[in-house]
Amino acid sequence: MSLSLGWLSALAAGLFSAWVLQKLCFPYFWRDLLFLLKVIRYGVRLELFKVTSRVRTVLDRFVEQAQRIPDKPFVIYEGTVHTYRDVERRSNRLAHVLLSKVGLKKGDCVALLMSNEPDFLCVWFGLVKVGCSVAFLNTNIRSRSLLHCFHCCGAKTVIVGSDLLESLDSTLSSLLEDNIQVWTMKDQSGHTQVHTLLDKLDAASDQPVPAVLRATSSLKTPTLYIFTSGTTGLPKAAVITHLQSLKAAAGFWAFGATEDDVIYIPLPLYHSAASLIGIGGTIELGASCVLKKKFSASQFWSDCRKHNVTIFQYIGELCRYLCNQPKTELDRVHKVRMGVGNGLRQDVWRDFLNRFGDIKMCEVYGSTEGNLCFMNHIGRIGTVGRSNFFYRLLFKYDLVKYDMVKDEPVRDEHGFCQRVKMGETGLLLSKVSALSPFFGYAGSKHLTEKKLMRNVFVKGDAYFNTGDLMAEDQEGFICFRDRVGDTFRWKGENVATTEVTEILGLVDFIQEVNVYGVEVPGHEGRAGMAALIIRPGLTFEGKKLFEHAVRDLPAYARPLFVRLQEVMEMTSTFKQQKFQLVQSGFNPSTICDPLYVLDYQQKSYVPLTEQIYQSIVSGERKL
């Protein structure tokens, strides 16, 4: 008896010691393991599609949900409820019109230029139902960039929202010359060569078109093209396959969302966050979403209270805007329990939680075209994701040393990259493999290859270059540090510096341009700044540059600051030197070169005085 009691005591002591050791040394072990098992379970389901050759797509899931919960609200938009059945039937009508009137066929690519509205989803689903791939166009882009988007994805048809038709005025003739047919969500058009869709819907059937049209046997089949700015200048059409769509649709579910949640989507649907994670995630759960045409800080919490929102999508800038709103007694009166997004600064994160309550903020890291995703399921403030022993077994990534002055990775005497030590900042690279494929960009193998780094650690290996500098601490938490190269982020959008450079270079008095981003106190990301060399014999003309920037660049890509230089510094590899320019910022008291600032009231670039600088730094002057 005493012997058995001794064994039991020893076992209990051993278990208790193991529990204490786990708590002290591996405090997140069980949470990590359970989260990873959940992710693996979903991944196994996707792998089974390869065996059965029958892929159940996000659209198939939507059709299932429309049959299972037809009367449940799917989209709530400007006070109007659209049920799963409503969107299913309207997308069916559109599918019939697209087949019979537009003349589309399986395999065609169609561009979609629409603002956030329920018909964005109906047109998107209708196109996929007839077997088309869809290219989501950024509603901010114009002229040359817009035409480029059509050419690189091969779209021969564009469907335009009723409120955006006028934005095509400057490019309509070029589209028609390229035999691109233009259809709009209106019942009548003032242009004889712009066709209308709304007047044809009533006569169309709301019964499904043959399912064989949308059927696919491969996860790698492209279903969308989402445009992303990068280091090559003009927008690039990232190939979005069914595999990527299905992975993104599981995001909310992985964080613990259920079909009882109401999801608030204020981000633009042409971006992957709102369309793939937001709409796709709503569909996967069988939940409801509140879709906003455009984010409004003043309406955000009243919308959440009105519609009993429990989850919202964000970018860091959005949360900062909310924190800057006047405080009210209703700040904590809501049912929101979770936010899912990216780019949330530590100080804004803390302010947000202190003011609006205990909301679990789930950061997600990953680019539209990337093959790696980090998810901060723990909720540690200031981190974009979480890694551990198990994660590294499945997803191969590395942080390598990066020379900011030369703007390139550090290589050893054998030409291989060098890993950074734990806690140090390095360039994030993700290994390309069967488990983590990289599908690249439409229209150019060169663009796809340019995003890859080869012979990184051994001859023949290939890694996706994220272009992001990250750091991983001893506990496995991953922090975002900065972007490298020719891209920076402003107002929630990626700005390709070479695209801005090419457009500014068309101004007659400019000889050379170097575009980069500078930090502005109190703002997310970096504001655009252009270092210019003026042509001999000519002078800087602020009004002319303003008119050119406003006409040909979206608001977020227009340089807020201009710096005039005599000589443009170059790196040892003959690239424009950006590092020193970025570091020096836009302070007129420390920079000898003439500085200018974008002024919408005067419709010009005006001299950046010390007074204006202080008003920007203090937040008095809005950017």
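The values are calculated or read from the model by the stated rules, or taken from the named source; none is laboratory data. Since the structure is predicted, the reported quantities are computational estimates derived from the model, not experimental observations. Every residue, glycine as well, gets a Cβ built from its backbone with ideal geometry; the counts of neighbours run over all protein chains shown. Quick note on the areas: whole protein, heavy atoms, side chains included, nothing else; ligands and nucleic acids left out. Shrake-Rupley method; radii C 1.70, N 1.55, O 1.52, S 1.80 Å.
Quick rundown of the values:
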| read-out | value |
| --- | --- |
| Qualifying positions in segment 487-535 - over 19 Å from Q580 (Cβ atoms), free of Cβ contacts under 8 Å to residues at least 40 places away in the same chain and assigned to a strand (DSSP E or B) | I510, Q511, I534 |
| Subset of segment 517-560 that is within 21 Å of the chain's Cα centre (by Cα) and basic (K, R) - its residue that is farthest from G619 (Cα to Cα) | R558 |
| M422 vs. criteria over 27 Å from F227 (Cβ atoms), aliphatic (A, V, I, L, M) and open to solvent by 70 Å² or more (accessible area, probe 1.4 Å) | yes |
| Considering residues of segment 338-352 that are at pLDDT 90 or above and either among the small types (G, A, S) or surrounded by 16 or more Cβ atoms within 10 Å (Cβ to Cβ) (or both) only, the residue farthest from C319 (Cα to Cα) | M338 |
| M453 being surrounded by fewer than 21 Cβ atoms within 10 Å (Cβ to Cβ), assigned to a strand (DSSP E or B) and under 26 Å from the mean Cα position of the chain (by Cα) | yes |
| Residue in segment 426-436 that is outside any helix (DSSP H, G or I), touching a Lys or Arg at 6+ places or on another chain (Cβ under 9 Å) and closer than 22 Å to I381 by Cα present | yes |
| Answer from V290, V364, V340, V333 - the residue that is over 19 Å from F252 (Cβ atoms) and among the β-branched types (V, I, T) | V333 |
| Among (1) surrounded by 18 or more Cβ atoms within 10 Å (Cβ to Cβ); (2) at pLDDT below 95 - the single one N324 does not satisfy | (1) |
| Positions within segment 600-615 being part of a strand (DSSP E or B) and either surrounded by fewer than 17 Cβ atoms within 10 Å (Cβ to Cβ) or more than 32 Å from the chain's Cα centre (by Cα) (or both), in sequence order | V606, P607 |
| Residue check, T497 closer than 30 Å to I534 by Cα, buried (at least 19 other Cβ atoms within 10 Å of the Cβ) and hydroxyl-bearing (S, T, Y) | yes |
| Some residue of segment 305-320 being modelled with pLDDT of 95 or more, out of contact with any Pro (no Cβ under 9 Å at 6 or more places or on another chain), among the hydrophobic types (A, V, I, L, M, F, W, C) and open to solvent by 10 Å² or more (accessible area, probe 1.4 Å) | no |
| Residue within segment 254-263 that is open to solvent by 50 Å² or more (accessible area, probe 1.4 Å) and on the phi > 0 side of the Ramachandran plot present | no |
| Pick from segment 538-560, criterion among the aromatic types (F, W, Y) and assigned to a helix (DSSP H, G or I), ranking: surrounded by the most Cβ atoms within 10 Å (Cβ to Cβ) | F546 |
| Residue within segment 573-580 that is among the hydrophobic types (A, V, I, L, M, F, W, C) and within 20 Å of L504 (Cβ to Cβ) present | no |
| Residue check for S433: at pLDDT 90 or above and among the polar types (S, T, N, Q) | yes |
| Residue in segment 432-450 that is open to solvent by less than 40 Å² (accessible area, probe 1.4 Å), among the hydrophobic types (A, V, I, L, M, F, W, C), touching an Asp or Glu at 6+ places or on another chain (Cβ under 6 Å) and touching a residue at least 40 places away in the same chain (Cβ under 8 Å) present | no |
| Selection count where residues are charged (D, E, K, R) and under 24 Å from L112 (Cβ atoms), scope segment 270-318 | 4 |
| Count - residues of segment 40-64 that are open to solvent by 50 Å² or more (accessible area, probe 1.4 Å) and farther than 29 Å from T83 by Cβ | 9 |
| Hits in segment 132-151 (condition: closer than 22 Å to A273 by Cβ and not aliphatic (A, V, I, L, M)) | S133, F136, N138, T139, N140, S145, C149 |
| Residue in segment 384-406 that is part of a loop (DSSP other than H, G, I, E, B), closer than 20 Å to K38 by Cβ and open to solvent by less than 20 Å² (accessible area, probe 1.4 Å) present | yes |
| Top-ranked residue in segment 172-187 [being of a type in the set (S, T, Y) and open to solvent by 20 Å² or more (accessible area, probe 1.4 Å); ranked as nearest to the chain's Cα centre (by Cα)] | S174 |
